[in-house]
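Written below as structure tokens is the structure these notes are about.
Here, each number is a calculation from the coordinates, and none is a lab measurement. No experiment lies behind these values; they were computed from the predicted model shown. Cβ placement follows ideal geometry from the backbone for every residue including glycine, while neighbour counts extend to all protein chains displayed.
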Amino acid sequence: MITLERVGKTYPGGVEALREVSLTIDPGELVGVVGPSGSGKSTMLHLIGALELPTTGTVTIAGNDLSQLSDNRLAALRGRTIGFVFQQFHLAGGVPAVDNVADGLLYAGIGLRERRRRAGNALERVGMGHRLTHRPHQLSGGEKQRVAIARAVVGDPKLLLADEPTGNLDSASGAEVMDLLRELHSGGTTIVVITHDRDIAAGLHRRVYVRDGRVTA
Ligand code: ADP
Ligand code: ADP
């Protein structure tokens, strides 16, 4: 599903966020990326999510070498293949849950009624079928994250990338969100989760440890 071959990423200004990273993630894996703040975890997820290109080395996603794709093809790859979940939820304020989720299908070329129908199904899948018309400020943190996960998976992406999805949650809601990710994983979705939480990391079958821009274990 994902191959990084001797990947380096240097940001303008000279920060070497990743060095010589090689990594393979197979279809159907659930992988944690673990490491301290500033170690390069988000950078790695941005490369895997085709949001950024490497400075050196090769990133291949679902058979596509990212450096060979035009910006349009990269955007299409992200839209069709990858769902994103963030620590800060990134829901649209004042917008009902069902429409926040339906926005995950904006690029799928289907009408509003069908987008809403699928959004309702996705909210059911994450246990939020009773919160269709709630707006973000009317939801708890854990509920907001479940809505955000519904938005990420409404288009049935092959790959789900989560950057500290439990970072803003109390431990009980965090555990529920992780249970939900495990459930989606059993349904066949490949998932990569960034975390610096030891307990969350301990519950993941495969862990990639990052330190100072290198994979250490
Ligand atoms: P983590 O997710 O582990 O906290 P990051 O990948 O966010 O680590 O950051 C790795 C390093 O790259 C840090 O030194 C960070 O300051 C730097 N960095 C991240 N994004 C940028 C950027 N857009 N421009 C410049 N430096 C960045
Ligand atoms: P957080 O738990 O991250 O503080 P909030 O509930 O404050 O989440 O906000 C979630 C999103 O909803 C944000 O984009 C915020 O700007 C927006 N939002 C919160 N309250 C309202 C409101 N009363 N009307 C419109 N948008 C709101």
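DSSP finds beta bridges in the chain, and of those with both partners inside it, around 45 percent are antiparallel. For the options 12, 27, 136, a Gaussian network treatment of the chain with springs between C-alpha atoms closer than 10 Å singles out 12 as fluctuating the most. Pair-distance distribution of the stretch 93-196: all C-alpha pairs, bin width 10 Å, starting at 0; shares per bin in whole percent are 16, 49, 32, 3.
Over the chain, Cα pairs under 8 Å with separation of 6+ residues give a relative contact order of 30 percent. Size estimate for the chain follows the Kirkwood approach: the inverse of mean 1/r over distinct Cα pairs works out to 17.6 Å. Per-residue 3J(HN,Hα) values for the stretch 116-121, derived from phi via the Karplus relation 6.51 cos²θ - 1.76 cosθ + 1.60 with θ = phi - 60°, read 5, 4, 5, 4, x, 4 Hz in sequence order (x marks Gly and Pro). Arranged from fewest to most other beta-carbon atoms within 10 Å of their beta carbon, 216, 55 become 216, 55. Per the Cα gyration tensor, the stretch 44-163 maps to an equivalent ellipsoid with semi-axes of 28, 15, 11 Å, ordered largest to smallest.
Karplus-based coupling profile of the stretch 171-186, in residue order and whole Hz: 5, 5, 5, x, 5, 5, 5, 5, 4, 5, 4, 5, 5, 5, 5, 5, with θ = phi - 60° in 6.51 cos²θ - 1.76 cosθ + 1.60 and x standing for Gly or Pro.
A full extension of the chain between residue 137 and residue 121 corresponds to an added length of 3.6 nm, given 0.36 nm per residue minus the alpha carbon distance.
Among 187, 104, 14, the largest mean-square fluctuation in a Gaussian network model of the chain (Cα springs under 10 Å) belongs to 14. The residue among 181, 171, 14 whose Cα reaches farthest toward the positive pole of the charge dipole of the chain, with charges on the beta-carbon of Lys, Arg, Asp and Glu, is 181. Residues whose amide H falls under 5 Å from that of residue 35, counting only those 5 or more places apart or on a different chain, are 195, 210, with hydrogens built in the peptide plane. Residues of the stretch 24-66 with an amide N closer than 14 Å to a point placed 7 Å from the Cα of residue 212 along the Cα-to-Cβ direction: 36, 39-40. Comparing 92, 150, 119 in a Gaussian network model of the chain (Cα springs below 10 Å), the most mobile by mean-square fluctuation is 92. Counting only DSSP H runs of at least 4 residues, each contributing -39500 (n - 2.57), and dividing by the residue count of the chain, the helix-based mean residue ellipticity at 222 nm comes to -10000 deg cm²/dmol.
Shape class of the stretch 1-84 from the alpha-carbon gyration tensor: oblate, with a/c at 1.5 or above and b/c at least as large as a/b.
Computed over Cα pairs, the Kirkwood radius of the stretch 65-109 leads via Stokes-Einstein (0.692 mPa s, 37 °C) to a diffusion coefficient of 266 µm² per second.
Using Cβ point charges alone (K and R +1, D and E -1), the dipole size of the chain about the Cα centre works out to roughly 420 debye. A Stokes-Einstein calculation at 10 °C with viscosity 1.306 mPa s, built on the Kirkwood radius of the stretch 171-217 over Cα pairs, returns a diffusion coefficient of 134 µm²/s. Couplings for the stretch 54-66, taken from phi via the Karplus curve 6.51 cos²θ - 1.76 cosθ + 1.60 with θ = phi - 60°, read x, 7, 9, x, 10, 10, 10, 10, 6, x, 9, 6, 4 Hz in order; Gly and Pro are left as x. Annotation: aspartates and glutamates with alpha-carbon distance below 19 angstrom to residue 41 (same-chain offsets under eight excluded): 5, 16, 20, 26, 29, 52, 163, 164, 197, 199, 212.
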